[in-house]
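Participant: Sending over a structure as structure tokens; questions will come in a sec.
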Amino acid sequence: MKRIRMKQVVRLMAGMAITLLFWISFAGPGHAGGHEDAADVEFAELARAGEPLYLHYCAHCHGVHGEGDGYNAENLDKDPAELSDHAFVAQKSNEKLFRAISEGGKAVKKSYLMPVFGHTLSEKEIWSLVAYIRVLGDDKEQRVALPPQAKTERPSIPLETHETLSSFLHWFKEEGGSSKVLKAGENLFRNKLACFACHSVEDEGGRVGPELTRAGYLYKPEWLYVWIKNPQHARPQTRMPNLGVTEDQARSLVSYLESLQGGDDDEMVPEEWKPYLEKPGDPKAGEQLFFDTLGNANCSKCHRVKGKGGRVGPDLSLVGTSRRPEFLLESILDPKAVITVGYSSVLILTREGKFLTGIKVNEDDQSLDIIDKEGNSLHVEKSLIKKFKTQKISIMPGNFKDILTEDDIRNLLAYLSGLTLPAMNEDRSRLSD
Ligand code: HEC
Ligand code: HEC
Ligand code: HEC
């Protein structure tokens, strides 16, 4: 992993170099020959802080260089703004750009497909994005300065308590299925809150987050409720912004998503999987098998739970909070059915004729970093790559059904189902590593 951190540093430095060049080019007529003033320095610093945020939260739609050509752009009914277009950027004031990012497209009479970021990022971070957009658009006329009253802290959103959660569950049982609620939820999802810009349902919609055609089969309602209200509590680094949904909106959205089962009820769990779900397993035995490096499962080679284990696959510390047992079972018996976001495997054919597979953890103009199924990180120069392809298969082995007994799998299921949030209002830091 050390290698990758180094890469990130190198990449950041490359970004700094671009910002620096932009800034040095100020020293033309009108700017006191050679030595830059404090406003230029501040502008350059803000823009530099904006770059990594831009790559993390914006590039999938607006494109790495702001050309409106991110990988998700083709799924949107409205083209993302071309932030590298000088004329477009120059005609907008800093305040207008700030508003579009903070309050979303609708606040500036543009498409709702441009999400709201003001519930996720600090005001300072949003100003730094404004500065970075000036760099992308090569616009030196309107310098960006941090207003003195700008908040440097990200918005703090209260954690759900057991009371709010149980009141939600009570409501959900009583009213969650009503057609009025489901309609409202669908409308929010498709036409109001930008969910559809990042998530697809039945092949329509964005590809930044997971497909939600089977959301009701995969996720527990209480999890969807907690997640939608504040994704950053569960996964601080997630690319999904907090969209500032109200209580009513959250309830309708969960109801709508829970109604998405993606098929006929009786086809959902294949007949041959039913025995695994009929009897409860032993969580202690499951835990032992999960961490047994000499056993047939060896799950911890790739997965971490509460800070212990490998990093090839996703952290499973909270997996029982969010996933229904049917989904957990499917993840073990047929891992390729749903590939966790960020864990698609890639296949690389090098010019020397060597095949490499792994999970892409980093990419820049020149190179790629992948982590293979043994957990080794590999650095590959793009100039040495002949072919590159994202695969529809998982790095996770697909043969657990054959090498584990029915009891083994029941025990693993019992263990994973028990990995839940100890309490919604406890310090989250204990859960991450
Ligand atoms: C899910 C895709 C998506 C993401 C993610 C996204 N945008 Fe946008 N953005 C859009 C679309 C679509 C538009 C065009 C809206 C229109 O023209 O109606 C847009 C427009 C804009 C505009 C122009 C607003 C105007 O007044 O015309 C700015 C500025 C902008 N986005 C900045 C950002 C920044 C900064 C981020 C990251 C923090 C970001 N966007 C993330 C889709 C996205
Ligand atoms: C800018 C893109 C973006 C927008 C907008 C967005 N999401 Fe997401 N969503 C994501 C990403 C990325 C993930 C993957 C989560 C992660 O980081 O692991 C995700 C994950 C999810 C999940 C699965 C959570 C899990 O446990 O894996 C659900 C459900 C979801 N989003 C619902 C919504 C809803 C409802 C909305 C609208 C209110 C929405 N999303 C808006 C990007 C987005
Ligand atoms: C060689 C590495 C590897 C091994 C061994 C492995 N996994 Fe995975 N696992 C992954 C990867 C990579 C993913 C994400 C891609 C995907 O969704 O298939 C994943 C996904 C999962 C998920 C879905 C998580 C989510 O949030 O969607 C579960 C559950 C899971 N694994 C459980 C297990 C269990 C239980 C074992 C042991 C029996 C195991 N894995 C062994 C690599 C591995």
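Participant: What percent do you get for the relative contact order of segment 162-258 when only Cα pairs under 8 Å and 6+ apart count? Intermediate values should be presented prior to the final figure.
Facilitator: Working: 102 pairs, mean separation 34.2, N = 97.
Relative contact order comes out at 35 percent.
Participant: 222 nm [θ] for the chain, helices only, -39500 (n - 2.57) per DSSP H run of 4+, per residue, to 500? Please report the intermediate quantities before stating the final value.
Facilitator: Values: 20 runs with 179 residues, N = 433.
Computed ellipticity for the chain at 222 nm equals -11500 deg cm²/dmol.
Participant: Follow-up question, since we're still on this one. Give me the count of lysine pairs in segment 63-178 whose alpha carbons sit under 12 angstrom apart, restricted to pairs 8 or more positions apart or on different chains. Display every interim value, and only then the final one.
Facilitator: Details: LYS78/LYS110; LYS96/LYS109; LYS96/LYS110; LYS124/LYS151.
So the count works out to 4.
Participant: Taking neighbour Cβ counts within 10 Å as the exposure measure, how do THR357, THR246 sort from fewest upward?
Facilitator: Working: THR357 15, THR246 10.
Final ranking by Cβ density, sparse to dense: THR246, THR357.
Participant: How large is the direction-averaged shadow of the alpha-carbon convex hull of segment 345-390, in nm²?
Facilitator: Mean shadow area of the hull around the Cα atoms is 2.8 nm².
Participant: With the crude spin-label approximation of a point 7 Å out along Cα→Cβ, what separation in nm comes out for LYS110 versus LYS192?
Facilitator: 2.3 nm
Participant: Defining a contact as two alpha carbons under 8 Å apart and six or more residues distant in sequence, what relative contact order in percent does segment 19-136 show? The partial results should precede the final answer.
Facilitator: Details: 143 pairs, mean separation 33.1, N = 118.
Taking the mean separation of contacting Cα pairs over the length of segment 19-136, I get 28 percent.
Participant: Something else now. Going by how many other beta carbons lie within 10 Å of each one, how would you line up ASP282, ASP402, fewest first?
Facilitator: Values: ASP282 14, ASP402 8.
The order, fewest Cβ neighbours first, is ASP402, ASP282.
Participant: Arranged by the count of other C-beta atoms within 10 angstrom, fewest first, what order do LYS389, LYS192 take? If you can, show how the numbers build up before the last one.
Facilitator: Details: LYS389 11, LYS192 15.
So the residues, fewest neighbours to most, are LYS389, LYS192.
Participant: Only helices at least 18 Å long along their axis, Cα-based, and averaging 0.0 or more on Kyte-Doolittle count here, so list those DSSP H runs from the chain.
Facilitator: Numbers: long enough: 2-24 (32 Å, 0.81); 38-57 (29 Å, 0.05); 123-136 (20 Å, 0.60); 162-175 (19 Å, -0.77).
Once both thresholds are applied, what remains is 2-24, 38-57, 123-136.
Participant: Run the numbers on the chain and let me know its relative contact order in percent, using alpha-carbon pairs under 8 Å that are six or more apart. Please list the in-between numbers first.
Facilitator: Numbers: 699 pairs, mean separation 57.5, N = 433.
It rounds to 13 percent for the chain.
Participant: Using alpha carbons only, how many angstrom separate the centre of segment 326-361 from the centre of segment 35-85?
Facilitator: What the calculation gives is 29 Å, centre to centre.
Any read-out appearing in this document is the output of simple, stated calculations on the displayed coordinates, not a laboratory observation. Bear in mind the structure is a predicted one, so any value in this text is a computation, not a measurement. Neighbour counts are summed over all protein chains in view; Cβ atoms, including those assigned to glycine, are modelled from backbone coordinates with ideal geometry.
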